[in-house]
Every structure is written in structure tokens, then in C-alpha cells.
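Structure first, then comments.
The values are calculated or read from the model by the stated rules, or taken from the named source; none is laboratory data. Note that the coordinates shown come from a computational prediction; the quantities given were computed from them, not determined experimentally. Because the Cβ atoms are built from the backbone with ideal geometry, glycine has one as well, and the counts that use them run over all protein chains shown. Note: accessible area is taken over every heavy atom of the protein model, side chains too, but ligands, DNA and RNA are not part of it. Shrake-Rupley method; radii C 1.70, N 1.55, O 1.52, S 1.80 Å.
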Amino acid sequence: MALSYLRSSSSRSVNLLKPLSSSLPLRRPISTDTTPITVETSVPFTSHQCDAPSRSVETNPKELLTFFRDMALMRRMEIAADSLYKAKLIRGFCHLYDGQEAVAVGMEAAVTKKDCIITAYRDHCTFIGRGGTLLEVFAELMGRQAGCSKGKGGSMHFYKKDSNFYGGHGIVGAQVPLGCGLAFAQKYSKDETVTFALYGDGAANQGQLFEALNISALWDLPAILVCENNHYGMGTAEWRAAKSPAYYKRGDYVPGLKVDGMDALAVKQACKFAKEHALKNGPIILEMDTYRYHGHSMSDPGSTYRTRDEISGVRQERDPIERIRKLILSHDLATEKELKDIEKEVRKEVDDTITQAKESPMPEPSELFTNVYAKGLGVESFGADRKEVRATLP
Amino acid sequence: MATGFHGVGAAVAALSSSPSNSFDSKKLLCSPRRSFPVRKGASFVADRSDGSVNLDLNPKARRAQQLIVNAVANKADSSPASSSSKPGHELLLFEALREGLEEEMDRDPRVCVMGEDVGHYGGSYKVTRGLAEKFGDLRVLDTPIAENSFTGMGIGAAMTGLRPVVEGMNMGFLLLAFNQISNNCGMLHYTSGGQFTIPIVIRGPGGVGRQLGAEHSQRLESYFQSIPGIQMVACSTPYNAKGLMKAAIRSENPVILFEHVLLYNLKERIPDEDYICNLEEAEMVRPGEHVTILTYSRMRYHVMQAAKTLVNKGYDPEVIDIRSLKPFDLHTIGNSVKKTHRVLIVEECMRTGGIGASLTAAITENFHDYLDTPIMCLSSQDVPTPYAGTLEEWTVVQPAQIVTAVEQLCK
């Protein structure tokens, strides 16, 4: 596969450094080592109406290896979902996140599970980041009972209430007012937590976003609006959709920060900064400069509006997993083989979970009528022919 | 049977609604009531819809005549049996709404109000007057003119457990928030597999007013009725306004409470004690034998005015205020249809795709065998509401048309 070829090509260059460090003791694959390492982000942050945070990010071996494993898991999961879709086990819409994993893992590293995250329909990896299991993901994608929404939501409706992941929304931009509402509730309950409302460069032109931003700024809500700018709104490039593609500046009176979204450490630094800012000063916009390798969704080849060279160029220069791999290898936190083993392990995990998910049953027919209302109205519901599907609601 | 007045038990009040099937109605009406979340320990008065019992019809008819003189009506608490109940207090409908809202905000700190001019201004129809001073800016929130986003924000807050009451200054403005109401408010409970409940109340005045123009005379119940997952109720008297407001706030489901611009100044005497009205129940306004008239909101008063004339002409209409627009209270309606075998629906929605259209379909599907004649539905004309007073009058159903329709039905 193209991916493994690229991987091995980069490792060849790192091998040259190998002899120098061979005297160091052997490190275990998932290190529990928390000695701090300081890394510089790839590019400095650009800011609007605020002081940019420093380029030096504190991290540690454990975190870096966790990043690597999580991103490898997400990448593998998305590619597996691609195959499942082509095998017609996943139907409808399937929007894949591969290439953008750094945003999900970097954000998780900076916040707690008490902070809320809400995003749009490209939510599989964000759900995993919030603590969702692979089984819930694949079962939901295939519409099975074991899915996180019992099979009734689908790809675009993943939610995890206990870790404050609010979805999973199909209508472009509609999640941003919801996110500001979450921030309002946090302020109301005096939680000292924040909300990250993610949206894309396509949604950045929605009116409701600016309405919600205005209200958030007026009421000083701890809302962080994160624009995952992958430069294409389905088939339309950002310069064709927005007069001003500097999305971090679009908040006008609201401060903004532009971040390299392919660098998990930069994302982590930015989110940490944003959380501190939002708790003190109200809303802030983060623009994550990222890229998606797949098309917008499974029905989009992704090559009619951009060149294959562009895609492979980004994959070679800016791939988030590769960056972390290089970082790990250059700091000698794990060997090449150990990282490969992690990837193999991840691949096996994904395959096993898919097998397990395939065995999960489809929802019961009576599930058609459950959860329409929180408390049923004591009515009897039935399908069109009044015979086949019947349920008495609580 | 007379205990319906003091309303000690939940189910008792329903007994007075129809002489036949009283046993069944009590049994069947028990279930929705029991499942209803009611404040523990407090005594409450369940909805005593018609406020009276099965006396013979003539005195009731005469009382009905005394009842409706004009739009500002006094509820017939003046009958002898009611004088032994607590005197209660008199107020206007918007004050009743405010009382309900205030009591719920006192009771539950998670209730908050959001809307345009609800705070410092006191509410464009004074429903929230005084609340901002009492509860502060964080619980009574003035929003900018951004319906789509503040409705969305209300829904987002509700996902975490807050109980916002979102006010649309006019229901028509909520069309801008249709996406949020339909997709997020209505469907989130389902698409999340039951993880989130959305205990939001969306309320506001709608309906045809006095020459307010086409865009400010919209009847949104017809647009929202298809949305799965929401409940819709329409209040028509101060008593049920307060009761429905409280019930809606306490409900775990998203509820849309439709008020009417012209009904805000209705005066009525309502009980002092804490009470709620069942969200899914219809109200029996006037029991009768000849024809069932189903109506809601402002048209109830047109119907009662027509009932006055009809009684003089010797007809005995049974008037039911359906109150619950989604879901329909097919139990009460069904019992009535089984008794009278003739149905007239009087609504303010437009003919096409209105509440009446759905109700006609529902009754035909379920009670076809009990109908002697096809259901007649009187609705507003399928036109944008004109500004000119005379034209506006012709758009909406008038009492004279109701009288003619009943005469036709009963031929």
C-alpha cells in the first residue's frame, strides 16, 4: 500500500541516526515515561486580536506515544470504514476524517472530559477521542444495536453523553449555535469548563455562526469555535466560497488564532491557550489548517477539484502520523519496529472489532418507535399496515 | 361525580366529560396522567375541563349563553356547586402565563427564559414582566434578533439539562429557526439513541390578529405538526394557559406552546393552589348531543359565540377545545364522536395542510364507522392574511359560518 511505502522511505533516513543512540537503554512501546520534552511547533501561530501562545510545547514520551497510537487507530478505522462502505455494509453518508486526526488527538490532550465538544458530520474520530469504543463506531455505521445511538443515528449522529460529546450533526453550521448553548449552560452552572464547537470552512459562511458568536461575545460565554479548515467545502475550494478565507479573523471583535492542524502538538498548545482565554475573556476562534485525504464523503472521489499531486504532496510533507513518528524516532522514545508493531496491533484490533460488529444484530422493529419522546404517551404505535410493527410505548 | 370540581384525584375530573363510557374513560385516561411528572407532595388540581358535572342540559345551555358575551369572558365558576371551592384570584391570560413561568422558575433553578426583549423591556406582550428584576440577567436573557441561533442555543443548553423557555416574539419569526426546531429539537432524542432529552419550551403568540399583516399573522402549528419528537399545545384560557405552561416546563419532551395575540387580555378566575394541565388532553368546553365541534385557541370563542345562537335554534353542540395539537387526544375526541356521530372542525389554520386536515384524517381513520356524515372542516382561506379589516374578517372563520355549518351537518 502506498502508505507503508512512504513509511518505510522515511524510516530509511532516520536509520542513519540510529548508531549514535544505540547505547541508550531499550524503551518499552507504550512508555509510562513522563519526563518533559520540549518541542517546537512546525510554524508559529498567527493571531488576531490576541497574543499568540509560544511555539514551544511541553510534552512527554507517554503523550507522544499515545498520540501515535490514537492517530494510527483513527487512520486505520477510517480506512476500514472506506472498505466497509464499498462492501455496502455502510450505507448513506460516510464522511472520513483521515488526514485530520491531529486535531482530534491534540484537542483531547488539552482538555478534560468535562469540557464539551460538538462537531459536524465528520465525527468518527472525535467520538473515539472522547472515549468512544471501536465497536460502538462500527456497529453504528452498520446500523446495529451495539452502536452508540442504537443504530438509529448513523455516521452523522454519534453522541456520547457521559464524556460530553454532543455529536454528530448533519446540517452544516447548525451545531455552532448548539455549541454556544452548551457554553451558556456551562456558564449558568458555573462549571469552569469550556465548549469546543467545531465546524468546517464550508460552514464558516453560515449566518447562524455569526449570530451565535455575537451572542457568545455579548454574554461572555466560554465558547471556543474551531474551524477545521481542510480548504474544501465538498467540491468548492475555500477561495471560491469565502471572500476572506482567513477564518480566524472572521470573528472581527472576537480574537482568533491560526494553527497548523497537522501538528498535534500545535493543536494541543492552541487548545490549552484557548481554554484559558475562554474562561477569562469569552469566545475565541481557532482555525486549524488541516487536510483530508479522502473526498468529502464516500460518493466524492476527491480528485475532480484537486490534483492527486496535491493530495500526495500533503501526505508526504505534512502527514500528522508521520510527524509524530519522526519525533518519536528522533528522540529515541521507541524503535522503528516497535512503532510498526503498534500499527499492526491497531490493525488487528480494528479487524477484530469489525468482525464483532458484524455479529451485532439489527435493531428490533419496536425500536422504530422508541426514543421519539422522552416519556411515551401511553399510546400504541403501529406501522402502516397496522399489523406488522406494533409497540406500546411506556 | 361532583368531586370533579375540587379535583382531588388525577382521573376523576375526566369522569364528567361524557355520560357513556365513563368507566372506560377513567381507566384509559389514567395511564397518561399517571405517567405525567407531577410535583410530589403538593396537592394539585387536575384539569377540571368543563368545571361542571352532568346536570341536565338545559341549565347548562343557559349557562353557556351567559358564558359567552364577548371575547373577554368570565369562566362559569358562578354555578352553585363551585362556590365551595377556593375563591382563587382573577387575572388576565398573559398574567396567568407569567405566574406559571414564575412559579416554575422559583421551583427549579434550571429554568431560564430567552427571547427578544424578555428581560429589561418586560416582554413584548408583558408575559415576562418583572422576571428579569427578580431572577437576574443570567436567567432571563435578552437576545439579539437572531432566532436561528438563540433557538439553537436553547436546544444546546437543554441537552445539558437546563430547561430553557425560548420565546419567539411572534411565532412567525420562528420560521427562521425551523432547522433547529425540526432537526435538533425534535430529532436529537431519537438520533442519539435516547442519550439526550431536550426539555425545552418554545412559546410565543401566533395566529391572526387585528390587521397585523400577512407576515405577522402566521399559524405555525400547521408547519410544525409533522416534526417527530415534539409536542404542541395551544392555550385558550387563563386557566389552561398557566396549567399548560407549567406542564410544558416540567415535561422532558420539547413542547411548543402556541398562544394567540388576541387572547392575552382574557380575564378569568383561577385557583390559588398549584395545578397543571395535562399536555395531551383535550378540554370539554360544553357537553352536548347533536354535533361535536372541535376547535382550539381563538376559534374556541367564535365557536362558543356560535353555540349561543345554535342553542337558541334548538341544537345541542358538544364543544371540545382540543388543546393538544400534537398528539391529538383521540380518546376524548373519539368518545365524543361515538356519542354525536357528527363532527365539525373549526380552526384558524389554512385549509391546506393545517391541523384540521390532519385531524380530519385521524378521525376518519379511527372512527369512520361512527360517523353519520362526512367531517366538515372550517378553516381560514388559503391566502396570505390581508391587511384590510374586512378582507381579514373574511379570511378567518366567523361565528355565522359555524352556525350554517352545524345546520348543514345536522340536516
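Taking segment B:125-144 only, how many residues are part of a loop (DSSP other than H, G, I, E, B), closer than 23 Å to B:Leu92 by Cα and open to solvent by 40 Å² or more (accessible area, probe 1.4 Å)? Give the derivation first.
Pass one, segment B:125-144, residues part of a loop (DSSP other than H, G, I, E, B): B:125-130, B:136-139, B:143-144.
Adding the requirement that they be closer than 23 Å to B:Leu92 by Cα leaves B:125-130.
From what is left, the residues that are open to solvent by 40 Å² or more (accessible area, probe 1.4 Å) are B:125-126, B:129.
So the answer is 3.
Looking at segment B:194-203, is at least one residue facing chain A (nearest Cβ under 9 Å), open to solvent by 10 Å² or more (accessible area, probe 1.4 Å) and within 30 Å of B:Glu283 (Cα to Cα)? For segment B:194-203, residues facing chain A (nearest Cβ under 9 Å), open to solvent by 10 Å² or more (accessible area, probe 1.4 Å) and within 30 Å of B:Glu283 (Cα to Cα): present.
Give the residue, chosen from A:Thr66, A:Thr46, that is polar (S, T, N, Q) and under 20 Å from the mean Cα position of the chain (by Cα).
Details: A:Thr46 fails: under 20 Å from the mean Cα position of the chain (by Cα).
Residue meeting the stated conditions: A:Thr66.
Return yes or no: is A:Gly92 open to solvent by 20 Å² or more (accessible area, probe 1.4 Å), farther than 30 Å from B:Ala146 by Cα and either touching a residue at least 24 places away in the same chain (Cβ under 8 Å) or within 11 Å of chain B (Cβ to nearest Cβ) (or both)? It would help to see each step written out before you state the result.
On the way: open to solvent by 20 Å² or more (accessible area, probe 1.4 Å): yes; farther than 30 Å from B:Ala146 by Cα: yes; either touching a residue at least 24 places away in the same chain (Cβ under 8 Å) or within 11 Å of chain B (Cβ to nearest Cβ) (or both): yes.
Yes; evaluated as a whole, the condition is true for this residue.
When segment B:153-168 is limited to residues that are facing chain A (nearest Cβ under 7 Å) and in contact (Cβ under 8 Å) with a residue 40 or more places away in the chain, the one that is surrounded by the most Cβ atoms within 10 Å (Cβ to Cβ) turns out to be B:Gly154.
Among helices (runs of 4 or more DSSP H) entirely within segment A:106-213, having at least 3 residues that are within 8 Å of another protein chain (Cβ to nearest Cβ) singles out A:175-188. Of the residues making up segment A:303-353, those that are charged (D, E, K, R) and under 20 Å from the mean Cα position of the chain (by Cα) are A:Arg315, A:Arg318, A:Asp319, A:Glu322, A:Arg323, A:Arg325, A:Glu343, A:Arg347, A:Glu349.
Within the set of pairs 6 or more residues apart or between chains, which connect a residue that is over 22 Å from A:Val43 (Cα atoms) inside segment A:270-290 to a residue that is assigned to a helix (DSSP H, G or I) and open to solvent by 10 Å² or more (accessible area, probe 1.4 Å) with Cβ atoms less than 6 Å apart? Short answer, once both residue conditions are applied: A:Gly282/A:Ala217; A:Pro283/A:Ala217.
The number of residues in segment A:159-171 that are under 16 Å from the mean Cα position of the chain (by Cα) and either of a type outside the set (A, V, I, L, M, F, W, C) or modelled with pLDDT under 95 (or both) comes to 9.
For segment A:105-128, filtered to residues that are open to solvent by less than 20 Å² (accessible area, probe 1.4 Å) and not hydrophobic (A, V, I, L, M, F, W, C), the residue that is nearest to A:His169 (Cα to Cα) is A:Thr119. Could you check, for segment B:119-138, whether at least one of its residues is facing chain A (nearest Cβ under 9 Å) and either in contact (Cβ under 8 Å) with a residue 12 or more places away in the chain or in contact with a helix residue (DSSP H, G or I) (Cβ under 8 Å, 6 or more places away or on another chain) (or both)? Yes; the residues of segment B:119-138 include at least one that is facing chain A (nearest Cβ under 9 Å) and either in contact (Cβ under 8 Å) with a residue 12 or more places away in the chain or in contact with a helix residue (DSSP H, G or I) (Cβ under 8 Å, 6 or more places away or on another chain) (or both). Would you say B:Val113 is at pLDDT 95 or above, surrounded by 24 or more Cβ atoms within 10 Å (Cβ to Cβ) and more than 10 Å from every other protein chain (Cβ to nearest Cβ)? Considered against the rule, which asks whether it is at pLDDT 95 or above, surrounded by 24 or more Cβ atoms within 10 Å (Cβ to Cβ) and more than 10 Å from every other protein chain (Cβ to nearest Cβ), B:Val113 comes out as yes.
Can you tell me which residue within segment A:174-205, out of those that are touching a residue at least 60 places away in the same chain (Cβ under 8 Å) and of a type in the set (A, V, I, L, M), is farthest from A:Ala274 (Cα to Cα)? So the residue we want is A:Ala203.
In segment A:214-252, the residue that is nearest to A:Tyr188 (Cα to Cα) out of those that are away from chain B (no Cβ under 14 Å), of a type outside the set (Gly, Ala, Ser) and surrounded by fewer than 17 Cβ atoms within 10 Å (Cβ to Cβ) is A:Asp252.
In segment A:101-139, how many residues are among the acidic types (Asp, Glu) and under 21 Å from A:Val314 (Cβ atoms)?
Qualifying residue count for the region: 1.
The residues on offer are B:Phe150, B:Phe173, and the sole one that is within 14 Å of another protein chain (Cβ to nearest Cβ) and either surrounded by fewer than 24 Cβ atoms within 10 Å (Cβ to Cβ) or on the phi > 0 side of the Ramachandran plot (or both) is B:Phe173.
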